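I'd like to ask some things about the structure below.
The values are calculated or read from the model by the stated rules, or taken from the named source; none is laboratory data. Keep in mind that this is a model prediction, so the values were computed, not measured. Here the Cβ positions follow ideal geometry from the backbone for every residue, glycine too, while neighbour counts run over all protein chains shown. Side chains included, ligands, DNA and RNA excluded: accessible areas come from the protein's heavy atoms. Shrake-Rupley method; radii C 1.70, N 1.55, O 1.52, S 1.80 Å.
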Amino acid sequence: MNATSRFLRLLTRPHLLFIAVVGILVPRRLRADWREEWEAELQHRERLLAEWDRLDWSSRRELLRRSGSAFWDAIGLQRHRWEDAIVQDVRYGVRTLATQPAFTVVAVLTLALGVGANTAIFTVVNALLLRPLGGVVDPGSLVSIGRQYSDKSYLSDATYPDFRDYRDQNTVLSGLAATVPAAFNLSDSRASERVEGELVSGHYFDVLGISAAAGRLIAPFDDRGSSPAPLVAVISGRLWQRRFGGDPAIVGAAIRLDGHEFTIVGVADTSFSGTRVGAPRDVWVPIAALYRTDPKTAARLDQRRASWVQMFGRLKPATTIDRARAEFAAIAERLEREHPDTNARAGAGVVPGLGRDPETGRQVRRFAFVPLAAVGIVLLIACANVAGLLIARAGARQREIATRLAVGAGRVRLVRQLLTESLTLALAGGAAGAIVGRWLTSWLRSLLPDRYLFLSFDLDFGGDWRVFAFTFVVAGATGVLFGLVPALQASRSDVVAILKGSSASARPAGSGLRGALVVAQIALSLVLLVAAGLCVRTLRNAAAIDIGYDLAPVLTARLDLAKQRYTPARGAQFHQQLLDRLHATPGVQAAAYAVTLPLNDGRWEDGIRRQEDPARVQTFQNLVSSRYFEVMRIPLSAGRGFTDADDDRAPLVAVLNQTLASRLWPNQNAVGHRLVFKGRTIDVVGVVRDIKGRNLFEPPGPMLYLPLTQDYSSSLVLHVRAAGAAAALGEALRREVRALDADLPIYGVRPLEDHLVATLTPQRLLAHLTTGVGVLALVLAAIGLYGLLGQAVTARTPEIGVRMALGAERSDVLWQFVARGLRFALAGAGIGLVAAALLMPLLRSVLFGVSPLDPLTFTLIPAILLVTALLACVLPAYRAARADPTTALRCE
């Protein structure tokens, strides 16, 4: 069929004309097959409807309507057009980048540092705030439930009778469970250890959707109230592997928990470690077990005044959180009417999610803004650096770009090609940044203690889909950020001038923009360095605080005799025997007990008064043994410390710190006076120096010390002062405890210095992070300045040759380029100082002992930056000064 016949056929068959026109939209390599397929389809329909000429207009419209679907089919094939173009652009971009390996490696490494720093910080934030509980089915439908009081923003624990009422009366949850955190002394034929666990209701694992790795999990029939049910336990997969080697025969085996024999009925899924993020659990026991193991605590199960149970549930499908809140509020109102003495003002709160304390989350978010802002600035500096490299590269490719424009390439097509190259660089940098991020995450984890106040860092800091998505998005965004402006600028090339070669001696394209980017890099790096200087000074000031006692070398460890059912008399005997054995151990100078540790530990508070005065004074208190003040090196200000003679047969005595003594008896010696505490009259026998308690940055509060021999406590912290390194006494300490009681675990064994280090966690993190990113930003800015001057030297090589041929001194050429670099550095430093002066007051809440506008920091940091900038300028300037005039002139 010739062209004329085909044209006439199209005119007489409008649907075929439509197919021919729409076919233009189809990618060229698919067009012929597409047209043939659709023409055959419509011709088949045409034959079914009879000849076109015999059709009425209604039938013709129907045929045309059917053929309209070809248009949507053609639109759907556009992705193939884009795929072809994108593949072509990527291939060309990769080949182009491969021809310049030095440029590619520098750009990728620069991006890897910026993306990696952001990935590391996000990984930590993800572990603390975003990662859901492991092993839990559909964690998004879980809710936390508790008592809600009008004067509190957080949920409080509930009573066990409340739990039963909420479980039985609600219609919005598919299940409700209760849990109580608990610690157990675990022992068997192997050894004894302290493990964290939970007392749980029978539906605990059902509500969470946890599966068993071996055996079965706790079921409702295991939690049958006061009936004599057998004592059963479920262990975690972590404990199963660590202690029992993953032996499946552990199911049905017996272990001892707190001196009671339990049967292991199953192992929880290895990915599950409890309902509290950062607080992994290893043992789960039915709450009903308390009836047999701890009748005193079991009495709470029927008491409405004892709030000690945490609740969580799973919303039914299509149930909203608002509906759940309304129903639980109605149940709480009924309970208040039925039990006004115990449930007055006790509303019910329902909070989405499980596993994270909202207050802890708020604290983490308040702290995280500084490192997130810091690494964000580093990423901007990296982007500016790579953008400068791309501008320089575009200058070197002017003739190529002009040629492509001259032969018909559109500006949009050229920008797309250059952006594709930028995105290819960005993705390569993102892949390398993921590796750098893993290294930096490991470094950050090494800076974190196991626990800081009530926040545990026993978390999974591995990557997940959130981390990978974040890295991918950041890499893609940076590719657009640093690639768009250079691409737009390169596409505006003067084609005629470049092809004629008349711009050979002109100013390098984009040099003004690149200079602005270098100034911005220097300014941003100065802001980070000033923040780093302030944070480092804060850490030094905090570490220099006089805490009032000698940290090193003291080893601390914890004991809990109540878990082994020690009576007070037997427990006191054990305490004394252990002290006697330790004092006879080589390398031990002295040993003592206390109920609480100073710093990073809880404090016990109560009211006391002078014997002659009814006014009460609130004070913290601690129970300590004799020689405690000797072990801690807390000096006496007056009187004496405790001795072994201060036992339960002797008069009650106390030692006060200076703050409490001055509050009770100002301008008097407190020794010899009497105070009243819990209805008992106590003689003051000594006054000791103030020490820092829980808060290192607040003045020491009042402290009352009582002798442990007169107020028995089963849970104690052992303090051992060593003659050498404290950590070396750990094994000797465990050996002496095993000799007295092989089933008693000793835990929390660590030097006293670690508690101070944990207290300084925020300051240490900020100092290390800001210093690290500040130095990184300074290096990137220096590289940017070096690259800018290097490009200028290359572009002005002919000019340098002419000047030197005419007699210019090498020192003049050297100073010319050094002065140019210093102008950029001074401009950046000036802008950075103004920005730092405006931004540093935002850090006031995390600084200690230093002003946000500290003169020393604002003087020293710019000096360091200018010296670094000078070093970055010298090398390209020296290269320009050493240029051979003859060789330089040949470049023209």
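Checking the structure you have, find out if any residue of region 347-365 is crowded, with 19+ Cβ neighbours inside 10 Å and either among the polar types (S, T, N, Q) or part of a helix (DSSP H, G or I) (or both).
No: zero hits.
Quick one: in region 761-792, which of the residues that are under 27 Å from the mean Cα position of the chain (by Cα) and over 19 Å from residue 124 (Cβ atoms) is surrounded by the most Cβ atoms within 10 Å (Cβ to Cβ)?
Step by step, filter region 761-792, then rank; the result is 777.
Sort out which residues of region 127-140 are crowded, with 20+ Cβ neighbours inside 10 Å and assigned to a helix (DSSP H, G or I), and write them in order of number.
127, 128
Only one residue in 178, 219, 229 is without any contact (Cβ under 8 Å) to a residue 40 or more places away in the chain and among the aliphatic types (A, V, I, L, M), so which one is that?
219
Check whether at least one residue in region 105-126 is closer than 30 Å to residue 779 by Cα, part of a helix (DSSP H, G or I) and free of Cβ contacts under 8 Å to residues at least 60 places away in the same chain, and report yes or no. Break it down stepwise before answering.
Here is the first cut: in region 105-126, the residues closer than 30 Å to residue 779 by Cα are 105-126.
So of that shortlist, the ones also part of a helix (DSSP H, G or I) come out as 105-126.
Adding the requirement that they be free of Cβ contacts under 8 Å to residues at least 60 places away in the same chain leaves 105.
Yes - at least one qualifying residue is present in region 105-126.
One residue is enough: does region 436-447 have a residue meeting the conditions buried (at least 16 other Cβ atoms within 10 Å of the Cβ) and under 18 Å from residue 762 (Cβ atoms)?
Yes: one or more hits.
Turning to a different aspect of this structure: Here are the criteria: (1) part of a loop (DSSP other than H, G, I, E, B); (2) in contact with a Phe, Trp or Tyr (Cβ under 6 Å, 6 or more places away or on another chain); (3) open to solvent by 20 Å² or more (accessible area, probe 1.4 Å). Tell me which single one residue 666 does not satisfy.
The number of the failed condition is (2).
Mind listing whichever residues of region 286-334 are over 20 Å from residue 203 (Cα atoms), in a helix (DSSP H, G or I) and touching a helix residue (DSSP H, G or I) at 6+ places or on another chain (Cβ under 6 Å)?
Correct list: 297, 331.
Let's see how each residue does on (1) modelled with pLDDT of 70 or more; (2) in contact with a Ser or Thr (Cβ under 8 Å, 6 or more places away or on another chain); (3) closer than 30 Å to residue 853 by Cα; (4) in a helix (DSSP H, G or I):
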position	(1), (2), (3), (4)
463	yes, yes, no, no
492	no, no, no, no
506	no, no, no, no
512	yes, no, no, yes
517	yes, no, yes, yes
528	yes, yes, yes, yes
533	yes, yes, yes, yes
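Would you check if residue 758 is modelled with pLDDT under 90, surrounded by fewer than 18 Cβ atoms within 10 Å (Cβ to Cβ), touching a strand residue (DSSP E or B) at 6+ places or on another chain (Cβ under 9 Å) and closer than 29 Å to residue 547 by Cβ?
no
A further question on this structure: Among 684, 655, 631, 688, which is the only one that is touching a His at 6+ places or on another chain (Cβ under 7 Å), closer than 27 Å to residue 555 by Cβ and open to solvent by less than 20 Å² (accessible area, probe 1.4 Å)? Before you say what the answer is, go through the steps one by one.
Details: 684 fails: closer than 27 Å to residue 555 by Cβ; 655 fails: touching a His at 6+ places or on another chain (Cβ under 7 Å); 688 fails: touching a His at 6+ places or on another chain (Cβ under 7 Å).
Going through 684, 655, 631, 688 in turn, just one is touching a His at 6+ places or on another chain (Cβ under 7 Å), closer than 27 Å to residue 555 by Cβ and open to solvent by less than 20 Å² (accessible area, probe 1.4 Å): 631.
Across region 837-878, which residue is farthest from residue 822 (Cα to Cα) among those that are free of Cβ contacts under 8 Å to residues at least 24 places away in the same chain and not in a helix (DSSP H, G or I)?
Top of the filtered list is 851.
Moving to a separate point now. Is it fair to say residue 458 is open to solvent by 70 Å² or more (accessible area, probe 1.4 Å) and among the charged types (D, E, K, R)?
yes
Another question about this same structure. Can you tell me which residues in region 78-129 are modelled with pLDDT under 75 and touching a Leu at 6+ places or on another chain (Cβ under 6 Å)?
Listed by number, the list is empty, since nothing qualifies.
Answer yes if at least one residue in region 553-571 is over 26 Å from residue 452 (Cα atoms), open to solvent by 60 Å² or more (accessible area, probe 1.4 Å) and among the hydroxyl-bearing types (Ser, Thr, Tyr), and no otherwise.
yes
Another question, then. Please enumerate the residues belonging to region 661-691 that are under 45 Å from the mean Cα position of the chain (by Cα) and among the polar types (S, T, N, Q).
Matches in region 661-691: 662 only.
Return yes when residue 164 is assigned to a loop (DSSP other than H, G, I, E, B) and either under 22 Å from residue 744 (Cβ atoms) or open to solvent by 10 Å² or more (accessible area, probe 1.4 Å) (or both) and no when it is not.
No.
Also, I was wondering about something else. Identify, please: which residue in region 733-754 is assigned to a helix (DSSP H, G or I) and open to solvent by less than 20 Å² (accessible area, probe 1.4 Å) and is, among those, farthest from residue 722 (Cα to Cα)?
Step by step, filter region 733-754, then rank; the result is 737.
Looking at region 609-623, I want the residues that are more than 12 Å from residue 675 (Cβ to Cβ) and have a partner that is among the hydroxyl-bearing types (Ser, Thr, Tyr) and surrounded by 12 or more Cβ atoms within 10 Å (Cβ to Cβ) with Cβ atoms under 6 Å, at least 6 apart or on another chain. Which pairs are those?
So the pair list comes out as 622/596; 622/705; 623/713.
Looking at (1) in a helix (DSSP H, G or I); (2) open to solvent by less than 10 Å² (accessible area, probe 1.4 Å); (3) of a type in the set (Gly, Ala, Ser), which is the one condition that is false for residue 177?
Checking residue 177 against (1) in a helix (DSSP H, G or I); (2) open to solvent by less than 10 Å² (accessible area, probe 1.4 Å); (3) of a type in the set (Gly, Ala, Ser), the one that fails is (1).
Now for a separate question. Confirm whether residue 405 is at pLDDT below 70 and more than 24 Å from the chain's Cα centre (by Cα).
Spelling it out, residue 405 is indeed at pLDDT below 70 and more than 24 Å from the chain's Cα centre (by Cα).
Are any residues in region 850-867 within 13 Å of residue 836 (Cβ to Cβ) and out of contact with any helix residue (DSSP H, G or I) (no Cβ under 8 Å at 6 or more places or on another chain), and if so, which ones?
Listed by number, the residues that qualify are 851, 855, 859.
Among the residues of region 418-435, are any modelled with pLDDT under 90, of a type in the set (A, V, I, L, M, F, W, C), over 30 Å from residue 172 (Cβ atoms) and touching a strand residue (DSSP E or B) at 6+ places or on another chain (Cβ under 9 Å)?
No, region 418-435 contains no residue that is modelled with pLDDT under 90, of a type in the set (A, V, I, L, M, F, W, C), over 30 Å from residue 172 (Cβ atoms) and touching a strand residue (DSSP E or B) at 6+ places or on another chain (Cβ under 9 Å).
Restricting region 800-831 to residues that are open to solvent by 60 Å² or more (accessible area, probe 1.4 Å) and modelled with pLDDT of 85 or more, which is farthest from the chain's Cα centre (by Cα)?
The qualifying residue farthest from the chain's Cα centre (by Cα) is 823.
Same structure again: Within region 708-716, does at least one residue satisfy the condition of being among the hydrophobic types (A, V, I, L, M, F, W, C) and surrounded by fewer than 21 Cβ atoms within 10 Å (Cβ to Cβ)?
For region 708-716, residues among the hydrophobic types (A, V, I, L, M, F, W, C) and surrounded by fewer than 21 Cβ atoms within 10 Å (Cβ to Cβ): absent.
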